[in-house]
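*Asks:* Please see the structure below; I have some questions.
The values are calculated or read from the model by the stated rules, or taken from the named source; none is laboratory data. Keep in mind that this is a model prediction, so the values were computed, not measured. Quick reminder, even Gly has a Cβ in these numbers, built from the backbone with ideal geometry, and neighbours come from all protein chains shown.
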Amino acid sequence: MHWLDWIVIALYFGVIGWVAWWYGRHQKDTTDYFLAGRNAGWVVIGASIFTSNIGSEHIVGLAGQGAATGMAMAHWELHAWCLIVLGGLFVPFYYKAGVKTIPEFLERRFSPRTRWILSCVSLVAYVFTKVSVTVYAGAIVFQALLPEISLTLGGWTLNAFWIGAFTTVIVTGIYTVFGGMRAIMSTATPQAVIILFGSFVITTIGLAKLGGDAGVFAGWGELVSQCKGNAKQFALWRPLSDPDFPWLGILMASPIVGLWYWCTDQYIVQRALSAKDLATARRGALFGGLLKVWPVLIFLIPGLIGWALHQKGIIQLPLKPGTSAIDGDQVFPSLVKMLLPAGIRGLIVACLLAALMSSLASLFNSSASLFTVDIYEKLRPGQSERHLLTVGRIATTVVVVLGIIWIPVMAKISGGGLYQYLQSVQGYLAPPITAVFFLGLFWKRINSAGATWGLAGGFVLGMIKLTIQARYGRGKIEDPAWLAWIGDFNFLYATGFLFAVSAIIIIVASYLTPPPEEAKIRGLTYGSIHADAGEEIRRSWDTGNKLMAGLIGVLVLCLYLYFSFWLG
C-alpha cells in the first residue's frame, strides 16, 4: 500500500464519520432511525437498495466464482427483474399498510405468531449468513493487501485478517448506531458511485492487460476465446448431468431465493418503506433494479479475467493448499495487488470498504428494527420513542458483537466458495417465506394456521438439511447411506423441494381450519387492495415507472441472450 492509497482511504473514512455525526444529531424517533423520516427520494432509495445488496461478499465472492465456475452463479446476479416485482406488486401493500417492518405486515395479514416466527428467522439468518460472510470477505482483502500488519494485546496476536475484520465491523457499527437510516441513506448514493466506478476500473485494466497492446476490446475477445476452450466449466447453462449447477435446479432455486430476498426481506424492502409517497417508493425500487443489472459485468467478469491472466502467465493467482485449483476467494485481492497502480489501489480498497460498510450498515439497522419493533415493543408496549430509539441502538450493538463472534466459525466453513455457500444457505431459508407471501397475497383462503405451520415447518426442514449437509456426505461421514444421500442432495433441487413442501403445508393447514374473516384481510390481498385503492395504485405506476421497468426487462433479456450463446 502506497501513501496515496492511505490518503484516499482516510478521506473516505473522514466523510463517512462526518455524515454519521451530522445525521446522528437529528434522530428524534424510531421513524427517523429506521425509515429516515419517510421522506427519501427515489434516487437515494435505489442507490441504497443497490449498496445494501452489494457487499464485500459480492466483490470478493463473485470474482472467486467467476474464476472457479464461470457464469454459473450469474443467475443470482440477474435478479434485476425481481425489483420490477417489488415495485409493481409488493410496494403498494407495504406502503399502504404503513408498516415499519415486513413481519409487521405479516401480522396484519395473518397473526402475531407469524410475525414472531419471521422476525426470529430473519435475525438468525442475518447474523449467521450476511454479517459473517460480508466481514469475512472484507477481512480476506485486508489480509492480502496488508499481510505484514499485526497487533499484540495481552498475549493475543491479531494478524491482518482479524484487524481488518474487527476494524470494519466496529467502525460500521458505530456509524450505524449513531446515524441510523438517515446516515445509511445519505451515504448510499456516493457509495454506489464509488462501487460502480472502482469495479469498472479494475475490469477495464484487467481487460487491457489481457489484450496487451491491442487494448480493451481485444482483451474481451481474448477472454471469450480462452473461455470457449473451457466451455463446460464457464457456461451459463449446464446440463442435467452437472453435479453442481444443473439447469433445472437453477430454474427452481434462483427465482425462489430472488423473490424472497428482493421482495420480502426487511434488509432490502426497508429502503422502499422510507419513500415520501407510493410513486417514489415504486420508482426507487425500479432504479435499484437498473443498478442491479451491472454486477455480472463488473464483479463476476473480473474473476474470469483473473483466471485468463493466470492461464496466460501474466499473473500468478494463489492456489488452494495441496491442489492445483485456484483459490477463488483470493482472486479479487490478488487483482488489486498485482494490477493496480498506487492511488488507484486505494480507490479500489475504498470501493470495497464502501460495499462492505453500506451492506453491513443496512444489515445492522434492519436487525435493530426487527428486534425493536417486532419483538421488544410487543414485550413492553407503550414505551416512549426515545426509549425505543435507545433499544434500537443497543440491539444494533448486540448484532455487531454477534457478527464478530461468528467470524471464526465462518472462516472454517466457507472453504467451498464464499458466494456459493451464501446462496446455498439462503436456499434453505427462503422457500417457506416466499411461499407464505405469494400464497397470502393472491389467495384469500390462506389463513394464519397455514402461514404459521408453513413458516415453522419449512424452516425446520431447511435447518435439518443444512445440519445433515454439514456432517454427512462424500468426504464426511458416509454411514448411514441415507443420511449421506441427503447431505449430498443438490442444494438447488433442495430449494425447490422445500418450496413445494412448504406450499403444501400452508394450503392443507389453511383448509383444515376456518377461513380468515373478510374484514381482517381487507386491503391485504391482491383483489381487495385494488378494489379499495386501485385508482391511487394505478396513478403511482406512471409512465416513468413503466419505462424504467421496460428498460430493466430489456437489459436482463439482452444479458441472458448474450451469455447463453457467448461460448458457441
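*Asks:* For region 504-531, name all the residues that are touching a residue at least 40 places away in the same chain (Cβ under 8 Å) and in a helix (DSSP H, G or I).
*Replies:* ILE505, ILE506, ILE507, VAL508, ALA509, SER510, TYR511, TYR526, GLY527, SER528, ILE529
*Asks:* Run down VAL131, VAL91 and say which single residue is in a helix (DSSP H, G or I), touching a strand residue (DSSP E or B) at 6+ places or on another chain (Cβ under 9 Å) and surrounded by 22 or more Cβ atoms within 10 Å (Cβ to Cβ).
*Replies:* VAL91
*Asks:* Considering only residues that are assigned to a helix (DSSP H, G or I) and surrounded by 19 or more Cβ atoms within 10 Å (Cβ to Cβ), look in region 94-107 and name the one that is modelled with the lowest pLDDT.
*Replies:* Only one residue tops the list, namely TYR95.
*Asks:* Criterion first (modelled with pLDDT under 90 and part of a helix (DSSP H, G or I)) does ASP244 satisfy it?
*Replies:* No; evaluated as a whole, the condition is false for this residue.
*Asks:* If a residue has to be out of contact with any Leu (no Cβ under 6 Å at 6 or more places or on another chain), touching a residue at least 24 places away in the same chain (Cβ under 8 Å) and of a type outside the set (Asp, Glu) to count, how many in region 532-544 make the cut?
*Replies:* Within region 532-544, residues that are out of contact with any Leu (no Cβ under 6 Å at 6 or more places or on another chain), touching a residue at least 24 places away in the same chain (Cβ under 8 Å) and of a type outside the set (Asp, Glu) number 5.
*Asks:* How many residues does region 330-382 contain that are in contact with an Asp or Glu (Cβ under 7 Å, 6 or more places away or on another chain) and not in a helix (DSSP H, G or I)?
*Replies:* Qualifying residue count, region 330-382: 2.
Yes/no matrix, rows are residues, columns are (1) among the basic types (Lys, Arg); (2) under 24 Å from ASP244 (Cβ atoms); (3) modelled with pLDDT of 95 or more:
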residue: MET463; (1), (2), (3): no, yes, no
residue: ALA470; (1), (2), (3): no, yes, no
residue: ARG474; (1), (2), (3): yes, yes, no
residue: ASP488; (1), (2), (3): no, yes, no
residue: ALA519; (1), (2), (3): no, no, no
residue: GLY527; (1), (2), (3): no, no, no
residue: ASN545; (1), (2), (3): no, no, no
residue: ILE552; (1), (2), (3): no, no, yes
residue: PHE565; (1), (2), (3): no, yes, no
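*Asks:* Hey, another quick one. Within region 261-286, how many residues turn out to be within 15 Å of PHE50 (Cα to Cα) and either part of a helix (DSSP H, G or I) or at pLDDT 90 or above (or both)?
*Replies:* Summing the residues that are within 15 Å of PHE50 (Cα to Cα) and either part of a helix (DSSP H, G or I) or at pLDDT 90 or above (or both) in region 261-286 gives 16.
*Asks:* Can you tell me which of SER528, SER540 is closer than 17 Å to LEU439 by Cβ and polar (S, T, N, Q)?
*Replies:* The unique qualifying residue is SER528.
*Asks:* For ILE305, are the conditions met, namely being over 30 Å from ALA192 (Cβ atoms), β-branched (Val, Ile, Thr) and touching a residue at least 40 places away in the same chain (Cβ under 8 Å)?
*Replies:* For ILE305, the condition - over 30 Å from ALA192 (Cβ atoms), β-branched (Val, Ile, Thr) and touching a residue at least 40 places away in the same chain (Cβ under 8 Å) - is not met.
*Asks:* Take region 1-58 and flag every residue that is assigned to a helix (DSSP H, G or I), modelled with pLDDT of 65 or more, of a type in the set (Gly, Ala, Ser) and crowded, with 21+ Cβ neighbours inside 10 Å.
*Replies:* Selection gives GLY46, ALA47, SER48, SER52, SER56.
*Asks:* So GLY229 fits all but one of (1) over 18 Å from the mean Cα position of the chain (by Cα); (2) at pLDDT 90 or above; (3) small (Gly, Ala, Ser); what number is the exception?
*Replies:* Exception for GLY229: condition (2).
*Asks:* Inside region 108-128, can you point out the residues that are in a loop (DSSP other than H, G, I, E, B) and either crowded, with 23+ Cβ neighbours inside 10 Å or within 21 Å of the chain's Cα centre (by Cα) (or both)?
*Replies:* Hit for region 108-128 is PHE110, nothing else.
*Asks:* Okay, moving on. Here's a check for you: in region 469-516, which residue that is of a type in the set (A, V, I, L, M, F, W, C) and crowded, with 20+ Cβ neighbours inside 10 Å is nearest to HIS75 (Cα to Cα)?
*Replies:* Filtering region 469-516 for residues that are of a type in the set (A, V, I, L, M, F, W, C) and crowded, with 20+ Cβ neighbours inside 10 Å, the one nearest to HIS75 (Cα to Cα) comes out as LEU492.
*Asks:* Consider only pairs whose beta carbons are under 6 Å apart and that are at least six residues apart or on different chains; among these, list those whose first residue lies in region 207-235 and is within 18 Å of ILE315 (Cβ to Cβ) and whose second residue is of a type in the set (Phe, Trp, Tyr).
*Replies:* Close Cβ pairs satisfying both conditions: LEU207/TRP220; CYS227/PHE234.
*Asks:* Would you mind telling me which numbered condition in (1) within 29 Å of PRO431 (Cα to Cα); (2) in contact with a Cys (Cβ under 9 Å, 6 or more places away or on another chain); (3) of a type in the set (A, V, I, L, M, F, W, C) LEU567 fails?
*Replies:* (1)
*Asks:* In addition: Regarding region 484-498, can at least one residue be identified that is closer than 26 Å to PRO112 by Cβ and either aromatic (Phe, Trp, Tyr) or assigned to a helix (DSSP H, G or I) (or both)?
*Replies:* Yes; the residues of region 484-498 include at least one that is closer than 26 Å to PRO112 by Cβ and either aromatic (Phe, Trp, Tyr) or assigned to a helix (DSSP H, G or I) (or both).
*Asks:* A follow-up question, please. Which residues, counting only those in region 246-267, are among the β-branched types (Val, Ile, Thr) and touching a Phe, Trp or Tyr at 6+ places or on another chain (Cβ under 6 Å)?
*Replies:* Of everything in region 246-267, those that are among the β-branched types (Val, Ile, Thr) and touching a Phe, Trp or Tyr at 6+ places or on another chain (Cβ under 6 Å) turn out to be ILE256, THR264.
*Asks:* Against the conditions (1) among the aliphatic types (A, V, I, L, M); (2) without any contact (Cβ under 8 Å) to a residue 24 or more places away in the chain; (3) not in a helix (DSSP H, G or I), where does ILE315 fall short? Just the number, please.
*Replies:* Of everything listed in (1) among the aliphatic types (A, V, I, L, M); (2) without any contact (Cβ under 8 Å) to a residue 24 or more places away in the chain; (3) not in a helix (DSSP H, G or I), ILE315 misses just condition (2).
*Asks:* Do the conditions hold for ALA308, that is, is it buried (at least 19 other Cβ atoms within 10 Å of the Cβ), aliphatic (A, V, I, L, M), modelled with pLDDT of 90 or more and over 24 Å from PHE565 (Cβ atoms)?
*Replies:* No; evaluated as a whole, the condition is false for this residue.
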